[in-house]
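Asker: Sharing a structure here in structure tokens format.
The values are calculated or read from the model by the stated rules, or taken from the named source; none is laboratory data. Computed from a predicted model, the values in this text were never measured in an experiment. Ligands, DNA and RNA are stripped out before the accessible areas are found, and what is left, the full protein with its side chains, is counted by its heavy atoms. Shrake-Rupley method; radii C 1.70, N 1.55, O 1.52, S 1.80 Å.
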Amino acid sequence: MSKAKGTLPYWEIPSRPKLVWETTSPIENRLEMRPESGQGPNGEKLPADQQAMAELLINFFHGDWQALEEHFDLTLTGTPEDWQATLTPNNAQLAEAIEHLEIDGSSWLEHLTLNSTDGDRLNLTLTPRSQCAE
């Protein structure tokens, strides 16, 4: 398993939210995701798992669980200070790429694990920028 480090800034321009996934090590890479259009930075179609990840994070940042339930079956447990959620795709297109997502946190989203149908797994640990060492 390789570990990467980077940033995940989110911009909300009226009606055009954008999520930027920037990896700074071990390699540098930048991916801009605009989930409302399903397109990447150069107009290419985002793979279903990347589009779902962008939509998931943007909806989560908005606290919009109802929007998440349009694409996923949700199982929530815990308390507001220590919560967990499992999201299982409820449509065929997402289910082709994503087995399920597991997220947890406290006052913010702290961990996200995406389990792909091909056996790959992406683990993210999110830390507010104010708590990161520069």
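Asker: Got a sec? What order do 113, 125 fall in by accessible area at 1.4 Å, biggest, i.e. largest, first?
Answerer: The ranking, largest first, comes out as 125, 113.
Asker: On a full-extension model of 0.36 nm per residue, what is the gain between residue 67 and residue 22, subtracting their alpha-carbon distance, rounded to one decimal in nm?
Answerer: Gain on stretching residue 67 to residue 22: 13.7 nm.
Asker: Full-extension gain between residue 107 and residue 92, please, as 0.36 nm times their residue separation minus the C-alpha to C-alpha distance.
Answerer: 2.2 nm
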